[in-house]
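Here the structure is laid out as structure tokens; the discussion comes afterwards.
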Amino acid sequence: MSPSYVLRRLGTLILVLFGVSILTFAIIPLVPGSPARVKLGISATPENVATLEKKLGLDRPLTTQYFAWISGIVTRFDFGKSFINDKSITSEVARRLPATLQLAFVALLIGLMIALPAGIIAALRPGGKRDVTAMIFSQIGVSIPDFWMGILLIVFFAEYLQVLPSSGFVSVSEGFIPWLRHIILPALTSGLISGAIMTRFVRSAMLEVLNQDYVRTARAKGLSERIVINKHALRNAAIAIATIVGLQMATLLSSVVVVEIIFAWPGLGSLALNSTLQRDYPMLQASVLLFAAAFAVVNLLTDLSYVLLDPSVEYA
């Protein structure tokens, strides 16, 4: 892997984030409603609203507001203060980011635990009972909305069996078992859907590899099916699988809003939604920019992982 390729990709990433920041800053203020009126209430006079807007800097030209905002991020990693409660956005994001990362990683792990065995088993006997069963599961998982999946899991595990809490968040520092009991339902909600999506890709990748001549040669030599699958088929399908895993990780990081709301999970998704409802523009802009950054960074890491999975890969 040439250093010039990595530098070019980093440069592209920075340009993408710069473009996202411009679009985010330009579009969000077009949302109807004034943050000053939301903060002061419906009984506020126009004079009070105008005074607060001047204090918040909303009376300045949009370009002036943008350059002040982006310079604070670039030079001090300072996203400013919330319009609603005057709290530091950077500290609020830092407080909520670990919760979203934990949820996304555990959900991805659950998805992989489902997709890898299901996709491989389905590919070994195309059209067989196991293949049909895996595809039916995959179709059901893709079709069910995440909010409906979450409600079903709450009803079954929290209300009927009463073995897991229906909502809330517990830090790992407060104990592994309490943390696990609280994270398993929201992670399972996202993980089941992610696993259903990845099952199809794993099956397709394995089917393509299993039909190659070197796999038939390995079987003709008398190698066990386990060695053929693990050493020859799965290793050569790793790049295709890594691609969908990276995309799912990026998707989970940026699309857990509904799951966080259902399970009262204090992550970036719920923060972005609350900021939208309260017209808290700086908080919403920071959330959107971080989601975009997470998506771009995960995609970059996925591309760079190809050379580790297959040393023959060369980057132009």
The stretch 263-281, subset surrounded by 22 or more Cβ atoms within 10 Å (Cβ to Cβ) and assigned to a helix (DSSP H, G or I), residue modelled with the lowest pLDDT: Tyr281
Selection within the stretch 81-102 - over 29 Å from Leu185 (Cα atoms), of a type outside the set (Ser, Thr, Tyr) and buried (at least 19 other Cβ atoms within 10 Å of the Cβ): Phe83
Selection within the stretch 37-78 - more than 32 Å from the chain's Cα centre (by Cα), on the phi > 0 side of the Ramachandran plot and modelled with pLDDT of 75 or more: Gly57
Residue within the stretch 61-74 that is in a helix (DSSP H, G or I), surrounded by 13 or more Cβ atoms within 10 Å (Cβ to Cβ) and polar (S, T, N, Q) present: yes
Residue within the stretch 186-196 that is at pLDDT 90 or above, farther than 25 Å from Pro266 by Cα and within 23 Å of the chain's Cα centre (by Cα) present: yes
Condition met for Leu308 (out of contact with any helix residue (DSSP H, G or I) (no Cβ under 7 Å at 6 or more places or on another chain), in a helix (DSSP H, G or I), within 22 Å of Tyr5 (Cα to Cα) and without any contact (Cβ under 8 Å) to a residue 40 or more places away in the chain): yes
Verdict on Met206 being closer than 27 Å to Ala250 by Cα, part of a helix (DSSP H, G or I), in contact with a Lys or Arg (Cβ under 8 Å, 6 or more places away or on another chain) and assigned by TED's automatic domain parsing to the domain that holds Leu112: no
Subset of the stretch 138-176 that is among the small types (Gly, Ala, Ser) and not in a helix (DSSP H, G or I) - its residue that is surrounded by the most Cβ atoms within 10 Å (Cβ to Cβ): Ser166
Failed condition for Ser255, given (1) under 13 Å from the mean Cα position of the chain (by Cα); (2) buried (at least 20 other Cβ atoms within 10 Å of the Cβ); (3) closer than 19 Å to Asp146 by Cβ: (2)
Qualifying residue in the stretch 221-232 (condition: aliphatic (A, V, I, L, M), closer than 19 Å to Arg130 by Cα, at pLDDT 90 or above and part of a helix (DSSP H, G or I)): no
Index of the failed condition, Leu247 passing every other in (1) under 24 Å from the mean Cα position of the chain (by Cα); (2) free of Cβ contacts under 8 Å to residues at least 40 places away in the same chain; (3) assigned to a helix (DSSP H, G or I): (2)
Lone unmet requirement of (1) surrounded by fewer than 14 Cβ atoms within 10 Å (Cβ to Cβ); (2) in contact (Cβ under 8 Å) with a residue 24 or more places away in the chain for Val132: (2)
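The values are calculated or read from the model by the stated rules, or taken from the named source; none is laboratory data. Keep in mind the model is a prediction, meaning the values are calculated, not measured. Cβ coordinates were reconstructed from backbone atoms using ideal geometry, including for glycine residues, and neighbour counts include every protein chain displayed.
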